[in-house]
Amino acid sequence: MSRLTHLECTRCGEHYPADRPQTVCPKDGGILYARYDLAAIKRSFSSANLAARAPTMWRYDAVLPEADPVSLGEGFTPMLTSREYPNVYIKDEGLNPTGSFKARGLSAAVTMARHFGLKKLAIPSAGNAAGALAAYAAAAGLEAHIFMPRDVPMANRIECDYYGAHVTLVDGLISDCAKKVAELKDSEVWKNDAWFDVSTTKEPYRVEGKKTMGYEVAEQLGWNLPRGIIYPTGGGVGLLGMWKAFDEMEALGWISPEKPGSERPKMIVVQSTGCAPIVKAWDEGKSASEMWTKAATLASGLRVPKPYGDYLILDILKKSHGAAVSATDDEILDATRHWAKTEGIFAAPEGAACLVAYRKLLASGFFKPEDTVVLFNTGSGLKYLDVLDAGVARTLVSARPTHVAAGDSSAPVASQKLQPAARHIGGIIGPY
Ligand SMILES: [Zn+2]
């Protein structure tokens, strides 16, 4: 059914075979995109065929690589109508397995890793990607090797432990974790024992999993697209994936720029004022971001000082006539509580940042109240209890076991300042 033909570099356009594990373009480090024979898919499969399919992201397997899926039921999350703003939808990714949107990308990446016979999957991560990798590796019978800062949010550390992942706690930030993975890559065991690095955008299939969010937005809105999509952007894989999905759906004839209602949405990046490299680059009219120094925000998923795919994110903002908006941690905390109270959605702080951005874009006239806008809640607030509630953080610190699963020896949590906004979160993803 799948018609994956090759991988294509998003920088130089070079083609690479898709029948073996690939990382990034060897020539220029460009991110590789999976390409399909969309004309053949168009002849054999239509969007009408989807109705009878299982409510997971694998319902779109016609446009995913052909492999036996490692699935825990990810995707096809609810598109909830806001109680506060009648033309706003909240795409609730917190209902995915492992409580975040990371399930989609890791389901696809682990599927392909197993397909290629890889055995040991390494990830430098400080948050939800680690938990998702640990879960899917467990389901696939593969080893997950997670390199996390010692002071990660508790939920991520505990879930990785329970999923049986090999967790190495590192003194430092995720850049230091990435160095550990880089050291491993230089070792003999890396090749001999079929290791693979599933860092974000460093392999082609996490984007494929994330692109299903774009297919779902269209399908759940009756093959229409909203006027805007607001997306909390750390690494930005979902933004890349959704835009790729729109390209594919146009080629498949599922949406059309000529059909009223299915024009491309304005893509909106929201970041924290404590780490806003894309907002800065966008404001300065640049085509790539600069490394953000001293990144600090309680929204750990947004602590990405220089996303690897920045050149693609900024290009999408330009092409879609979008925008990049930042939110302070106080605004994010306030929005998290507001969403919980008014919508009944206990969101991840990153997701609630979308509400802050929406309010700002409404106030500036960028969006009108009648515009349909989709806000992405990327995860469940339940994974951030020690971030959102100082009392929980205190309890967890005092009750913390003196021994952790694997890797480095344990030590007390570094942070002694337990006010939510002051808690230090090691959540930087890339660049490495
Ligand atoms: Zn290239």
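Quick one: would you say GLU8 is farther than 21 Å from TYR231 by Cα, acidic (Asp, Glu), within 22 Å of the chain's Cα centre (by Cα) and open to solvent by 40 Å² or more (accessible area, probe 1.4 Å)?
Yes; evaluated as a whole, the condition is true for this residue.
So, in region 1-18, of the ones that are touching a Pro at 6+ places or on another chain (Cβ under 8 Å) and in a loop (DSSP other than H, G, I, E, B), which residue ends up farthest from the ligand (Cβ to nearest atom)? Even if it seems obvious, please write down each step before you answer.
Taking region 1-18 first, the residues touching a Pro at 6+ places or on another chain (Cβ under 8 Å) are 2, 4, 6-7, 18.
Then drop every residue that is not in a loop (DSSP other than H, G, I, E, B), which leaves 2, 18.
Values: SER2: 24, ALA18: 15 Å.
Going through the qualifying residues, I end up with SER2.
For the list (1) under 30 Å from GLU143 (Cα atoms); (2) among the β-branched types (Val, Ile, Thr); (3) at pLDDT below 95, I need the number of the one condition that THR378 fails.
Evaluating THR378 over (1) under 30 Å from GLU143 (Cα atoms); (2) among the β-branched types (Val, Ile, Thr); (3) at pLDDT below 95 leaves (3) as the failure.
Taking the condition buried (at least 21 other Cβ atoms within 10 Å of the Cβ), of a type outside the set (S, T, N, Q) and within 16 Å of the ligand (Cβ to nearest atom), does ALA103 pass?
Against the criterion (buried (at least 21 other Cβ atoms within 10 Å of the Cβ), of a type outside the set (S, T, N, Q) and within 16 Å of the ligand (Cβ to nearest atom)), ALA103 does not qualify.
Taking only region 71-81 into account, find how many residues are in contact with a strand residue (DSSP E or B) (Cβ under 8 Å, 6 or more places away or on another chain) and open to solvent by 10 Å² or more (accessible area, probe 1.4 Å).
Going through region 71-81 one residue at a time, the tally reaches 4.
Before we move on, is ARG43 in contact with a helix residue (DSSP H, G or I) (Cβ under 6 Å, 6 or more places away or on another chain), open to solvent by 20 Å² or more (accessible area, probe 1.4 Å) and without any contact (Cβ under 8 Å) to a residue 60 or more places away in the chain?
Taking the combined requirement at face value, the residue does not satisfy it.
Please go through region 1-35 and give me each residue that is touching a His at 6+ places or on another chain (Cβ under 9 Å) and of a type in the set (Phe, Trp, Tyr), ordered by number.
TYR16
Given the conditions (1) in contact with a Phe, Trp or Tyr (Cβ under 6 Å, 6 or more places away or on another chain); (2) open to solvent by less than 10 Å² (accessible area, probe 1.4 Å); (3) over 23 Å from TYR358 (Cβ atoms), report the number of the one that ALA288 does not fulfil.
Result: ALA288 passes all but (2).
Sort through ALA155, ALA144, ALA139 and tell me the only one that's open to solvent by less than 50 Å² (accessible area, probe 1.4 Å) and in a helix (DSSP H, G or I).
Checking each option against the conditions leaves just ALA155.
Let me confirm something: among ALA340, ALA363, which residue is of a type in the set (A, V, I, L, M) and in contact with a strand residue (DSSP E or B) (Cβ under 8 Å, 6 or more places away or on another chain)?
The match here is ALA340.
What do you reckon, is GLU66 surrounded by fewer than 17 Cβ atoms within 10 Å (Cβ to Cβ), in a loop (DSSP other than H, G, I, E, B) and more than 16 Å from the ligand (Cβ to nearest atom)?
Values: surrounded by fewer than 17 Cβ atoms within 10 Å (Cβ to Cβ): yes; in a loop (DSSP other than H, G, I, E, B): yes; more than 16 Å from the ligand (Cβ to nearest atom): yes.
Spelling it out, GLU66 is indeed surrounded by fewer than 17 Cβ atoms within 10 Å (Cβ to Cβ), in a loop (DSSP other than H, G, I, E, B) and more than 16 Å from the ligand (Cβ to nearest atom).
Identify the residue in region 324-344 that is within 19 Å of the chain's Cα centre (by Cα) and not in a helix (DSSP H, G or I) and, among all such residues, is surrounded by the most Cβ atoms within 10 Å (Cβ to Cβ).
ALA327
Could you run through region 303-333 and say how many residues are in contact with a helix residue (DSSP H, G or I) (Cβ under 7 Å, 6 or more places away or on another chain) and of a type in the set (Phe, Trp, Tyr)?
So the answer is 0.
Restricting to region 202-218, name every residue that is surrounded by fewer than 24 Cβ atoms within 10 Å (Cβ to Cβ) and of a type outside the set (D, E, K, R).
VAL217, ALA218
Taking HIS321 as the residue in question, decide whether it is in a helix (DSSP H, G or I) and over 25 Å from ALA130 (Cα atoms).
No, not satisfied.
Among (1) within 12 Å of the ligand (Cβ to nearest atom); (2) touching a residue at least 60 places away in the same chain (Cβ under 8 Å); (3) touching a Gly at 6+ places or on another chain (Cβ under 6 Å), which single condition is MET57 missing?
(1)
Taking only region 19-32 into account, find how many residues are within 11 Å of the ligand (Cβ to nearest atom), under 17 Å from VAL207 (Cα atoms) and open to solvent by 20 Å² or more (accessible area, probe 1.4 Å).
Let us first name the residues in region 19-32 that are within 11 Å of the ligand (Cβ to nearest atom), namely 24-32.
Now restrict to residues that are under 17 Å from VAL207 (Cα atoms): 24-25, 29-32.
This time we only want the ones that are open to solvent by 20 Å² or more (accessible area, probe 1.4 Å), so: 24.
Residues flagged as within 11 Å of the ligand (Cβ to nearest atom), under 17 Å from VAL207 (Cα atoms) and open to solvent by 20 Å² or more (accessible area, probe 1.4 Å) within region 19-32 amount to 1.
Under 7 Å between Cβ atoms, at least 6 apart or on separate chains: pull out the pairs that start in region 1-20 with a residue that is among the polar types (S, T, N, Q) and end on any residue that is within 13 Å of the ligand (Cβ to nearest atom).
THR10/GLY30; THR10/ILE31; THR10/TYR33; THR10/LEU312
The values are calculated or read from the model by the stated rules, or taken from the named source; none is laboratory data. Since we're looking at a predicted model, the values are computed, not measured. Heads up, the Cβs are rebuilt from the backbone with ideal geometry, glycines too, and the neighbour counts pull from every protein chain shown. The accessibility values were calculated without ligands, DNA or RNA, using every heavy atom of the protein model including side chains. Shrake-Rupley method; radii C 1.70, N 1.55, O 1.52, S 1.80 Å.
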